[in-house]
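Heads up: the structure comes next, in structure tokens.
The values are calculated or read from the model by the stated rules, or taken from the named source; none is laboratory data. Note that the structure is a prediction, hence the values are computed from the model and not measured. Cβ atoms come from the backbone with ideal geometry, glycine included; neighbour counts cover every protein chain shown. We work out accessible area using only protein heavy atoms, side chains counted, and drop any ligands, DNA or RNA first. Shrake-Rupley method; radii C 1.70, N 1.55, O 1.52, S 1.80 Å.
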Amino acid sequence: MDTSPDNPAAGLPHRMDPAGGCPHAANARLLEGGSVVPVVLPGEVGGMAVLGHDALREFLAHPDVAKDARHFAALRAGEIADGWPLRTFATVRGMTTADGADHRRLRSLMGKAFTAGRVERLRPYVEELAARLLDGLEPAATEDGTVDLRAHFALPLPMGVICELLGVDQTHHDRLHHLSNQLVATDIGPAEAVAANREMVEILSTVAAARAADPGDDLTSAMIAAREEDGDRFTPQELIGTLLLTIVAGHETTLNLITNAVRALCAHRDQLGLVLSGEATWADVVEETLRWDSPVSYFPFRYPTRDLTLDGTVIPRGTPVLAGYSAAGRDTRAHGPDAARFDLTRTGPRHLSLGHGAHYCLGAPLARLEATTALDQLFTRFPALDLAVPEAELPRHRSFVGNSVRKLPVRLRG
């Protein structure tokens with residue numbers, strides 16, 4: 001994130017850095033000025049960010065806050081270019097951009113397909129895939145014993161699981177990950193952004209057509225078959241939009257979660273010791289990682305449907321607002337003066353990193369299953385695993401949406 005001396009407390013907007021970077025130092029500085037700050041988005045688009053835990057919790061469930069882009073004033077006025085890097089977040093058709101009855105309809109349809117039983121039936125596959133990937137780590141290591149854990153474990157696990165869930169052929173995995181990266185990047189050029197969105201839609205349309213012609217025991221087939229009591233179903237645009245969001249959210253966030261948890265445990269060996277000794281659980285690690293180093297830093301967008309005062313700050317109607325999950329997780333007013341400390345024994349308010357209110361993450365149970373399985377198997381097999389380079393040298397995501405590093409070189413035997 002940008003560390004220029006913008007001063008939101010004095011009314012100067014904070015300029016979001018398209019190149020991303022570690023958000024925590026800037027978050028702490030911004031929180032000193034309040035829970036809600038004005039920001040400048042790529043392309044000189046004005047917006048706001050909600051940073052404080054309590055303010056964000058209120059904002060996420062506020063009845064006068066919408067997700068539908070028809071409430072995005074600048075977009076409605078024709079001021080947002082087709083190649084704007086954040087446009088897909090606003091305009092994709094699906095649950096994350098629907099409100100009210102439309103959102104309830106889409107969530108109900110998805111819920112009929114994406115059941116708790118379907119997630120639980122994935123458990124053996126998750127466990128088998130994690131074990132198989134771990135078998136390949138040592139053969140993939142270089143002569144000095146270093147392996148990129150992100151590329152060889154943290155990425156292929158959730159990507160394999162979400163594609164297994166959706167019935168997507170393995171030949172598409174690498175390309176879908178590349179395109180997902182393009183879609184969440186905030187430093188991408190207009191032509192690249194348009195091309196990535198177009199190719200992603202083309203691939204997912206091919207997948208949907210194949211599943212419609214030859215249904216299987218997968219989520220895509222179930223989504224196509226899902227009906228409400230009145231016969232309502234996903235439109236073609238809603239189906240592709242929901243598949244797109246499921247692919248992106250279903251592996252990028254879990255990839256970041258696993259990566260960030262490994263980094264946290266390597267930097268806090270005492271906390272790893274609590275888990276290995278049975279004094280804490282892998283579920284504790286996942287929840288504390290979600291709070292301490294959220295996989296998503298700033299998520300676009302929500303829009304007030306009227307001028308809205310939040311924690312003393314007015315957010316004008318139609319403003320695109322970022323949900324500052326990484327900032328809220330370390331808000332000292334909610335989590336105490338030691339909020340910046342990774343502590344598996346922490347008590348206090350629940351993090352907001354999986355959302356709150358009507359748009360709470362539908363895939364949360366699957367993300368938790370994957371992350372706990374991955375960490376348990378990884379550190380059971382390689383308890384001395386450690387970073388191969390200092391944390392400060394790890395290359396960061398080039399985005400202020402995703403919050404993690406692009407590579408994770410580790411030594412498996414410490």
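Of note:
- Any hit, region 262-274, residues being under 26 Å from L165 (Cβ atoms) and under 19 Å from the mean Cα position of the chain (by Cα): yes
- Members of region 254-301 found to be among the charged types (D, E, K, R) and buried (at least 21 other Cβ atoms within 10 Å of the Cβ), listed by number: R263, E288, R291, D293
- Residue pairs meeting the criteria (Cβ under 6 Å; at least 6 apart or on separate chains; first in a loop (DSSP other than H, G, I, E, B), in region 128-153; second crowded, with 16+ Cβ neighbours inside 10 Å): A141/V147; G145/R411
- Test: D187 is assigned to a loop (DSSP other than H, G, I, E, B), open to solvent by 20 Å² or more (accessible area, probe 1.4 Å) and either touching a helix residue (DSSP H, G or I) at 6+ places or on another chain (Cβ under 7 Å) or modelled with pLDDT of 90 or more (or both): no
- Single match in A327, A339, A371, A384 (criterion: in a loop (DSSP other than H, G, I, E, B) and open to solvent by less than 10 Å² (accessible area, probe 1.4 Å)): A339
- The criterion of at least 3 residues that are in contact (Cβ under 8 Å) with a residue 60 or more places away in the chain is met, among strands (runs of 3 or more DSSP E) falling completely within region 213-322, by 298-304.
- Residues of region 96-127 classified as assigned to a helix (DSSP H, G or I) and farther than 23 Å from L60 by Cα, total: 13
- Considering (1) open to solvent by 50 Å² or more (accessible area, probe 1.4 Å); (2) of a type outside the set (D, E); (3) assigned to a loop (DSSP other than H, G, I, E, B), the lone condition that T206 does not fulfil carries the number (3).
- Answer from P63, P38, P13 - the residue that is closer than 16 Å to P300 by Cα and either open to solvent by 20 Å² or more (accessible area, probe 1.4 Å) or at pLDDT below 95 (or both): P38
- Residue check, R121 surrounded by fewer than 13 Cβ atoms within 10 Å (Cβ to Cβ) and over 15 Å from L322 (Cβ atoms): yes
- Scanning region 35-70 for residues that are farther than 12 Å from I315 by Cβ and in a helix (DSSP H, G or I) yields a total of 10.
- Matching residues in region 343-400 - criterion: being in contact (Cβ under 8 Å) with a residue 60 or more places away in the chain, out of contact with any Pro (no Cβ under 9 Å at 6 or more places or on another chain) and of a type in the set (S, T, N, Q): T345, T372, T373, Q377
- When each of A141, A130, A101 is tested for being touching a strand residue (DSSP E or B) at 6+ places or on another chain (Cβ under 8 Å) and either farther than 16 Å from D218 by Cβ or not aliphatic (A, V, I, L, M) (or both), the lone residue that passes is A141.
- Residue count, region 154-184 (criterion: open to solvent by less than 30 Å² (accessible area, probe 1.4 Å) and not in a helix (DSSP H, G or I)): 2
- Taken residue by residue, region 124-146 has at least one member that is of a type in the set (S, T, Y), open to solvent by 50 Å² or more (accessible area, probe 1.4 Å) and farther than 23 Å from A364 by Cα.
- Residue count, region 323-342 (criterion: among the acidic types (D, E) and in contact (Cβ under 8 Å) with a residue 24 or more places away in the chain): 1
- Count of region 96-116 residues, restricted to those that are at pLDDT below 90 and under 16 Å from Y303 (Cβ atoms), is 1.
- Among (1) aliphatic (A, V, I, L, M); (2) modelled with pLDDT under 95; (3) not in a loop (DSSP other than H, G, I, E, B) - the single one L362 does not satisfy: (3)
- Verdict on V184 being in contact (Cβ under 8 Å) with a residue 60 or more places away in the chain, touching a strand residue (DSSP E or B) at 6+ places or on another chain (Cβ under 8 Å) and of a type outside the set (F, W, Y): yes
- Residue that is most open to solvent (accessible area, probe 1.4 Å) [pool: residues in region 302-324 that are among the hydroxyl-bearing types (S, T, Y) and more than 24 Å from the chain's Cα centre (by Cα)]: T309
- Filter result for P349 (in a loop (DSSP other than H, G, I, E, B) and either open to solvent by 40 Å² or more (accessible area, probe 1.4 Å) or among the polar types (S, T, N, Q) (or both)): yes
- Residue check: K407 meets all listed conditions (1) part of a helix (DSSP H, G or I); (2) touching a Pro at 6+ places or on another chain (Cβ under 9 Å); (3) more than 20 Å from D284 (Cα to Cα) but one, namely (1).
- Looking only at region 387-414, and only at residues there that are of a type in the set (V, I, T) and out of contact with any Phe, Trp or Tyr (no Cβ under 8 Å at 6 or more places or on another chain), the one that is surrounded by the most Cβ atoms within 10 Å (Cβ to Cβ): V410
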